[in-house]
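Read-outs: derived from the displayed coordinates by stated rules, not from any lab. All of these numbers come straight from a predicted model, not from anything done at the bench. In this analysis, Cβ positions are derived from the backbone assuming ideal geometry, glycine residues included, and neighbour counts consider all displayed protein chains.
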């Protein structure tokens, strides 16, 4: 049938041009659209629904650890942003400034929040008095703005959606525990729901968050061998508490500074889903995060009874899954391509002959495996197929990550990896910032993290030959 | 026991000073806090949790009508805002302007969205081509900014949270149908969930939304007799479609302009919950919207077994309700006051004697009615009590609204109502804007709406004596 939509055009192949493939997929799967505002993206229904599922699942996991949601103002007065020295230095160059309200010029500029540490500190300095008020475990879901020069959908945009958790604790130990706890919440979520394995570790001082004592990160490897920082958790110690005078009376009636953390995950993670699982037919969504898990596609749908059987199938499966029927006038082949482009985990093909044989054909999106399933126990059969698909996707992502992780012991091997292929490089490092900067300068690779799981690959720094302090994951990154 | 929190101080009584009572309640029930940003409020956990419940319930109702969620940019370029003449005139005086990004001045100012009609129109002009692309039924949950001079928590603030639905249709009839459909969604939600009865009607031309062909509204009466506009639904006709060139090819291959609607409900509705149901002890939350529905308060909690029984009760009730135990060191009386201030629908008192008698005392927040309930079937008993409470709250709100709705036929009666008492005034109106403005000038009362349920109270306008065109609800409004 003729169709005026251009969804199912050939997209650029991944091997030919990965960046173009990515752009094609986000556009043709209708995840985003560009807007009239430079660098801001529009999240269309198919894209926003993925974010809604991420929110639902993360929010549940946060709340299980005692976190409560709040909402803080969009604007930060310039004087408030300036209270913590490192923080303002890190963010001032990339914020948007509001200078006029209505027809009047403001007495003080307001920045559009790039992150909300300063606002939470301001609140905590007002509402924390006693040890009985601690801990405070607040989180907010909102958008933030960072004035980026070059932007790419999900990966880097002027405005993006995220959650930012901000906690205040009585002791340094408790703050450190919370920082690690939330990093683990992120890593578990990515592995269990998004089928993306993560390397957990600590950022170097050069790469840590502006104002943080320590920044922890989860790092994932994309299909093209580049790394993506996927979530971070910061321990601020009592630095912000001093800057904002957040003190409480302890059990001995002594004034103490609180210890704080913050942690965030953003729509950027949708970029990871695309670049870890996608293929040359488009998006591939893990069943546990897919807004639509099953597309029922009637074959020969004008034959009497076919559409009705398809609807009945949808109604039956809807008790456990999110299901749609594609009853448009397009050809089955066209519908298959659309379902594949959108990454819907399985399609169920059902036509007159299937109905006669009391069966349907279930096709997995990830490996196109077909299973003929009896209509009598189709819910159970599809559940098993989706579960297997979820597990297989994680296994494949782990295998790809491992195959593309290179232990190197010499500088030649280091540069060789980056010229011949991509991937994570595990190597020893001296711990000096100048050396880290030289590595970046010479190769474009950055320290992704100092992983929690340390190994001793050699005694000396891979770059400068000085005594090694720590093993680092290096990589080129988005 | 000593306690350093000041939650349970006496609050101003409603009769003495309703405005102060309101401010006391929002602060002491810890719904909001003021921020360092003039006119912006902080939604604290108790306040945000109400909004989360409103979101969950409204979102479900929207999606049942086919609505899909999206996310649009926070910023609107000045040139885009100016495309629809009436719209820009209505909003330009009250928007915040971003003039600098990072260290550079922008070539074009961006306004922080006060509402997103222009952005949705821009999107629709790109993605709507054929009648097969229609209708578009999009909604977003976000915050908007309006540069207000005077602000009050929930009722009027510079930034507030809301949802804004924006739809595009092939025909004028379909757009009108959708406009009314969403108004009904709002009204049903308010009545069924928030226990607030609404008057549904149409705004006069003077009061309608900037750029709309028709604005419909739901209006509620607060405890003090003032009206609160609680949700609006606009039919834009094809006005925006002409301004933004949103055309589609119809089934006969002819170009047609789309017809559009928009509709919104905001955190303002939380102000209505407070002002309709609250009393001199604080907040009273309808059971169906309360984040915590039951507070179990152990009496004599140091006696062995009491706390354990309280926790067991919580675990049992948690299968159906949202339940907490107040196991702090405060006295039971103090805990009762806190539970009342926070508006938690019922408390369950349980002490050693209750346990011995296999019972507990359930106390309703709204009328303080006590029921002794056997522990054997407490879930069912509490369910019935909560249901009755929800129904009684709605009945009381309807009774209050009706008692304070005055049919007037003369101008003397009109002014008499406003000086002696407050409330809705039902009166006939000539339909002329000058007369409407004179009424406002002379009395401070505005037209709330032209209700769908029309009556003919007399033949002439209550103010000018010219032939009457329509019955109007007048009132002083927040």
per DSSP, antiparallel bridges as share of beta bridges in chain A, % nearest 5, sits at 80 percent
at residue B:60 the sorted inter-copy label distances (label 7 Å from Cα on Cβ side), in nanometres, are 1.5
Here the convex hull volume per residue of the protein assembly as shown, taken over Cα atoms and given in Å³, is 197 Å³
Sorted largest first, the Cα spans of the range A:405-475 on the principal axes come out in Å as 27, 24, 19
The helix A:18-28 Cα axis meets the longest alpha-carbon principal axis of chain A at an angle in degrees, between 0 and 90 and rounded to 10, of 60 degrees
Shielding of B:25-38 by other chains, given as the mean Cβ count within 10 Å, works out to 4
So, in nm and shortest first, the distances from residue A:371 to its counterparts in the other copies, with label points 7 Å along Cα→Cβ, work out as 4.8
Taking B:266, B:36 and counting other beta carbon atoms within 10 angstrom, the fewest-first order is B:36, B:266
With N residues in the range A:60-208, Rg(alpha-carbon) / (2.2 N^0.38 Å) equals 1.17
Computed over the range B:9-61, the convex hull of the Cα set has an average projected area, in nm², of 5.1 nm²
Expressed in Å to one decimal, the Kirkwood Rh of chain B from all distinct alpha-carbon pairs is 24.7 Å
Length-normalised contact order of the range B:61-140, Cα under 8 Å, at least 6 apart, in percent, tallies to 43 percent
The alpha-carbon pair-distance distribution computed for the range A:18-277, with 5 angstrom bins and whole-percent values, is 1, 6, 12, 16, 18, 17, 13, 8, 5, 2, 1, 0, 0
Taking every DSSP bridge whose two residues both lie in the range A:326-442, the antiparallel percent to the nearest 5 is 75 percent
Distances in nm between the label point of residue B:255 (7 Å along Cα→Cβ) and its equivalents in the other copies, shortest first, are 7.1
The helix A:172-192 Cα axis meets the longest alpha-carbon principal axis of chain A at an angle in degrees, between 0 and 90 and rounded to 10, of 20 degrees
With Cα coordinates, the longest principal axis of chain A makes an angle with the long axis of helix A:45-64, in degrees rounded to 10, of 50 degrees
Assertion target for A:200, B:303, ordered by fewest C-beta neighbours within 10 angstrom first, is B:303, A:200
Relative contact order of chain A (C-alpha contacts under 8 Å, at least 6 apart) in percent is 14 percent
Stretched fully, the stretch from residue B:391 through residue B:328 gains (0.36 nm per residue minus C-alpha distance, one decimal, in nm) 19.5 nm
Projected onto their principal axes, the Cα atoms of the range B:294-388 stretch, largest extent first, over whole-Å spans of 34, 29, 21
Taking Cα pairs closer than 8 Å and at least 6 residues apart, the relative contact order of the range B:406-475 in percent is 43 percent
Distribution output for the range A:243-347: share of Cα-Cα pairs per 10 Å bin in percent, first bin at 0, values 13, 29, 20, 10, 9, 10, 7, 3, 0
Taking every DSSP bridge whose two residues both lie in the range A:405-475, the antiparallel percent to the nearest 5 is 75 percent
Partner shielding of B:62-71, taken as the mean number of other chain Cβ atoms within 10 Å, equals 4
In cubic angstrom per residue, the convex hull of the range B:1-141 built on its Cα atoms measures 211 Å³
proj_area_mean for the range A:319-478 (convex hull on C-alpha atoms), units nm², value 13.5 nm²
Note: B:149-159 gets an average of partner chain Cβ contacts (10 Å, Cβ to Cβ) equal to 1
